[in-house]
Amino acid sequence: MTENTIPKSIKPLTKEDFESDQMVKWCPGCGDHAILKSVEKVFPKLGYKKENYTVISGIGCSSRFPYYMNTYGIHGIHGRAAAIATGVKLANPELSVWMITGDGDSLAIGGNHFIHLVRRNIDINVLLFNNQIYGLTKGQYSPTTPKGKITKTSPHGTIEHPFNPGELVIGSRGTFFARGVDMNPKLMTAIMEEAARHDGTSIVEILQNCVIYNDKTHQLITSKETRDDNQLIVEHGKPMIFGKNKEKGLYLNDSNRLEMVKIGENGITEEDLLVHDMHDPDSSLHLKLATLYPPEFPAVLGVIRSVKADTYDDLLKEQIAYEQENSPIKNMDDLLNSGDTWEM
Amino acid sequence: MTAKDNKVVERKDVVVKFVGDSGDGMQLTGTLFSDAAAYAGNDLATFPDYPAEIRAPQNTVAGVSGFQVHFGDKKIHSSGDLCDVLVAMNPASLRANLKWAKKGATLILDVDSFLDKYIERAGYESNPLEDGSLDGYNVIKAPVTTLTKKTIEGMKIDMKTALKSKNMFALGIMFYIFNRSFDTAFRFIENKFRTKPLVVEVNKKVLRAGYNYADTVEELQSVIQVPAARIAKGRYRNMTGNIATAWGLLAGAEKAGRPLFLGSYPITPATEILQEFSRHKSLGAKVFQAEDEIAGITSAIGAAFAGSLAVTSTSGPGLSLKSEAIGLAIITELPLVIVNVQRGGPSTGLPTKSEQADLLQALYGRNGEAPAIVLAATSSSDCFDYAFEASRLALEHMTPVILLTDGYLANGSQLFKIPEMKNLPEIKPPLAQQNDEHYQPYKRDPETYIRKWALPGMEGLRHRLGGLEKWDVTGNVSTDPENHQKMVEYREKKVQKVADRIPEQEVMGEASGDLLVVSWGGSKGAVLNAVTALQDEGKSISHAHFSYINPLPKNTEDILKGFKHIVVCELNMGQFVKYLKINFPHYSYLQYNKVQGLPFTEGELKTKFNQILEGVTG
């Protein structure tokens, strides 16, 4: 499959191989720092040649990312990272292409490119930093800002229904969706690695904190005090258990709705809980999991969906190989002299 | 070949126009007629003229589709002004096109369609066949529909399908008049309907029936002989501007040894470029039909970064949408060809009609100081040459090139002399060497200001590009005031330096005189014909037709100097003349502008030039 065509590094690489000499200019305390560190850890693990990583971004705080990595990269224009990355990957499938974007970049101005990237299933790894705010323009609401939130452009509270990135990805026939948080580097590196190994478009939503304009927006899910009761980290083949004392779980009732249950109450045992199957081609349960949100339910973290499907880049390669093999037109001279021609 | 004892009239060139409902197959009929003319050795130029709607209401003027072809025994530069023969399939198409027929032209009309309701729907107050309005024309009242029906009687085919072949009847009449062979048309029909042998039979039979009918018509007293053209010896094919554009870019990619990538979104009249590329995967062309115009160009920018000859094709509204991304390609200094097939604007404008009104947008339509190379093709067949040239300049100078064509060139066709790839110029992109210790992303050639192209995957050359201003040489992000000025100047000089590597501007005619006619891009044919005609009359008139717009050829001002008057002819309100005024303010310029979605006619140009010349001499 695609992954194997990316050349491997002969010598083992370390995170130092990917660290840039440029000053990182994100705010102190910004969640982006932790994400950068995680990526620097993941790249050497994947084992590709260091010249074959390409990092593409759009505009926004997150999109400064390529400047802070020692790889090939393009800091693009607002919203267009998905299309730029598409061109890079199609032109050279031997590159490990990473797209760094935010909730404004990919879900507002770049929404169109984002859904079509997902639909086409091009082998690109997307890290979508979701801080539910426009940071670089200093605090306007974004397409993921919770309804009612007061921001600089919603002084009386937003009157928009926010997007849930997972719902959008699954609705666009996404083959891979995972969610991490900037406060949990171990989980981030694990899902980034899974994303890289997945053939096709991998969307990794990272709940990221903007310390200046939207501080603590994910607090319920991420803070030490509340996270255990408000996050569920799913693992393939494992029951969906969470809570401080691992006492809570998810249960699918007879009306096909998810319920939060407690083990030991009403006769519920661990066996009654849902077991995560990230490879299930049927996306309906994945969709339910992606949309859960505190306080009624825990937010689901980890790899929610990872299914096999043809990738655009593989199919394009196949079509080209077939035509090159079978078409009588092998070069321009052949083409110029094909069809109806005559001497004068 | 003929039953009647017709006299043969020899003509140097002839203009023929086929018109009918947009579902009548006039484009196909015109194409088949042109192919037969080309096959017989005539040079030619064609001009399809069709409505924006796929099937506008039948038998209305709004739904008229036309195809004009000009062929002759010499080099044909334009599709011609007025036609010698008009084939009209219904009253609406006659009404819309009679003004484009010469006085005394032959009109071939399907009389079966001249029913009261259709005559009325066309907007006529009385039947033109009876009210004397066609007096002075050679009218052939052909019962095309009736005879088509009669021809296919007894064949096992439904009437609706069979009647679609009535355009073949009209074509048969034309084949008779011009004494054409059936070969090319038969070959086309056999190929197009290869899975439907009955349809092949019907079309061939109806074509022959039209031919035989013509042989019995008293009004057709003569057949017209147009001798083969005396043009350069070689192998030829018929080419539309859009196909020529696609092939020129493919040739550029092959010559440069870089794979071709096209990111595009369908838009009239540029869509055939996207379609054509998608047929040529065997040449390694990667075609990405994007979700919108912006994704078209930005995917191409990504592909350019990764080492492709990257292309995006569009028309005016699409060029507007691509503006910001063109700026990205300019600041990242990546090679990119943007093909803009101009159409009538603004906004959606006249999607199927031609105009030259995107020139200033191509030159200036971006934020910031954002110079791009701008070229303009001048004929359907030289779209190949300018597309190849656009590839060369983009790849060798590491910057975007905007290639302007227009709907008239794009859909029109001409004979194209097939080149040999080995004879086309070399294209050598400035690729960086792997592990070059001295590589820096914005280190430039001191003469040309060109930076090196380092591709992802190459060892030892990792770097980041982006839309933020960069430090000279290192390419790190910079907001330094002096550095920004320096980088702006470098980008401008880099484009201006291209003038060293393009041909000088040519003048057709004397280098000095009373009147210099200036034109650019797709209007060359009509202007050249008008100037040549006046030169033949002994007038002091010369012609400079521009294809290199930015930078202009170095000798441009030397040419302007030599004339008492300069008139700039454009299919817009005067954009190139504005550009000339900016660059050469010491000259005074007259203008001739037309914005009707139609090409210039030779006649109107001659009138204008004569007025100026009379003012000069009188």
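Read-outs: derived from the displayed coordinates by stated rules, not from any lab. As the structure is a computational prediction, the values presented were derived from the model and not from experiment. With ideal geometry, Cβ positions are generated from the backbone for all residues, glycine too; neighbour counts draw on all protein chains shown.
The share of Cα pairs per 10 Å bin across the range B:495-618, counted from zero up to the longest distance, runs 13, 48, 33, 6, 0 percent.
With the cut-off at 21 Å, tell me which of the pairs A:LYS15/B:LYS443; B:LYS233/B:LYS422; B:LYS12/B:LYS102; B:LYS494/B:LYS581; B:LYS17/B:LYS353; B:LYS17/B:LYS141 have Cα atoms farther apart than that. Write down the numbers at each step before the final one.
Details: A:LYS15/B:LYS443 28 Å; B:LYS233/B:LYS422 18 Å; B:LYS12/B:LYS102 16 Å; B:LYS494/B:LYS581 23 Å; B:LYS17/B:LYS353 17 Å; B:LYS17/B:LYS141 17 Å.
Exceeds cut-off: A:LYS15/B:LYS443; B:LYS494/B:LYS581.
Can you bin every Cα-Cα distance in the range B:7-225 into 5 Å intervals starting at zero and give me the percent of pairs per bin, rounded to whole numbers? Binned Cα distances yield the sequence 1, 7, 15, 20, 21, 18, 11, 5, 1, 0. For chain B, the normalised intensity computed at q = 0.06 Å⁻¹ comes to -0.36 (log10 of I(q)/I(0), Debye sum over alpha carbons, equal scatterers, no solvent). Summing +1 for each Lys or Arg and -1 for each Asp or Glu among the other residues whose beta-carbon sits under 15 angstrom from that of B:THR352 gives -2. The dipole here belongs to the range B:513-617: it is taken about the Cα centre, uses +1 on the Cβ of Lys and Arg and -1 on the Cβ of Asp and Glu, and is about 280 debye.
Placing +1 on the Cβ of every Lys and Arg and -1 on the Cβ of every Asp and Glu, with nothing else charged, gives the protein assembly as shown a dipole about its Cα centre of roughly 380 debye. In terms of its Cα atoms, the range B:200-344 spans 69, 34, 30 Å along the principal axes, sorted from long to short. Only the Cβ atoms of Lys and Arg (+1) and of Asp and Glu (-1) were treated as charged; on that basis the dipole of chain A about its Cα centre amounts to roughly 1320 debye.
Fewest first, what order do B:LEU350, B:LEU395 take by the number of other Cβ atoms within 10 Å?
On the way: B:LEU350 16, B:LEU395 28.
Fewest-to-most ranking of B:LEU350, B:LEU395: B:LEU350, B:LEU395.
Take each residue in A:109-119, count the other chain C-beta atoms within 10 Å of its C-beta, and the mean is 2. Pairwise Cα distances in the range B:430-502 exceed 15 Å in 58 percent of cases. Each Lys or Arg adds one and each Asp or Glu subtracts one; over the other residues with Cβ under 13 Å from the Cβ of B:TYR386, this totals -2.
Counting neighbouring beta carbons within 10 Å and listing from fewest to most, the residues A:ILE203, B:ILE119 come out as B:ILE119, A:ILE203. Applying a DSSP loop filter and a limit of 16 other Cβ atoms within 10 Å to the trypsin sites (Lys or Arg not before Pro) in the range B:523-585 leaves B:LYS554.
In the range B:95-239, one over the average inverse separation of all distinct C-alpha pairs is 17.3 Å, which is the Kirkwood hydrodynamic radius. Remark: mean inter-chain Cβ contacts per residue of B:318-329 equal 1, using a 10 Å Cβ-Cβ cutoff to other protein chain atoms. Once the mean of 1/r is taken over each pair of separate Cα atoms and inverted, the range B:250-417 shows a Kirkwood hydrodynamic radius of 15.4 Å.
Over the protein assembly as shown, consider all pairs of different Cα atoms and compute the Kirkwood hydrodynamic radius from their mean reciprocal separation; express it in Å, one decimal.
This gives a value of 31.3 Å.
Using alpha carbons only, the radius of gyration of the range A:228-293 set against its Kirkwood radius gives Rg/Rh = 0.94.
Positive-end ranking of A:ASN184, A:PRO146, A:GLY166 along the dipole of the range A:143-210, with charges on Cβ about the Cα centre, is headed by A:PRO146. Averaged over the residues of B:450-461, the number of partner chain Cβ atoms lying within 10 Å of the residue Cβ comes to 4.
Determine Rg/Rh for the range B:285-332; Rg is computed over alpha-carbon atoms and Rh is the Kirkwood hydrodynamic estimate from the same atoms. Working shown, then result.
Numbers: Rg = 10.1 Å, Rh = 10.8 Å.
So for the range B:285-332, dividing Rg by the Kirkwood Rh gives 0.94.
Do any GluC sites (Glu not before Pro) in the range B:521-595 lie in a DSSP loop with no more than 15 other beta carbon atoms within 10 Å, and if so, which? Please list the in-between numbers first.
Values: sites: B:GLU537, B:GLU557, B:GLU570; in loops: B:GLU537.
Qualifying residues, ordered by number: B:GLU537.
If you take the Cα atoms of chain A, find Rg, then find the Kirkwood Rh from the mean of 1/r over all pairs, what is Rg/Rh?
Numbers: Rg = 22.2 Å, Rh = 21.4 Å.
Radius of gyration over Kirkwood radius for chain A works out to 1.04.
For each of B:LYS149, A:LYS216, B:LYS205, count neighbouring Cβ atoms within 10 Å of the residue's Cβ, then give the residues from fewest to most. Show your work: numbers first, answer last.
Working: B:LYS149 16, A:LYS216 11, B:LYS205 19.
Lowest to highest Cβ neighbour count: A:LYS216, B:LYS149, B:LYS205.
Compute the angle between helix B:602-617 and the longest alpha-carbon principal axis of chain B, please, reported from 0 to 90 degrees and rounded to the nearest 10. The angle comes out at about 70 degrees.
For the range B:583-614, GluC sites (Glu not before Pro) meeting the loop criterion (DSSP other than H, G, I, E, B) and having at most 12 other Cβ atoms within 10 Å: none.
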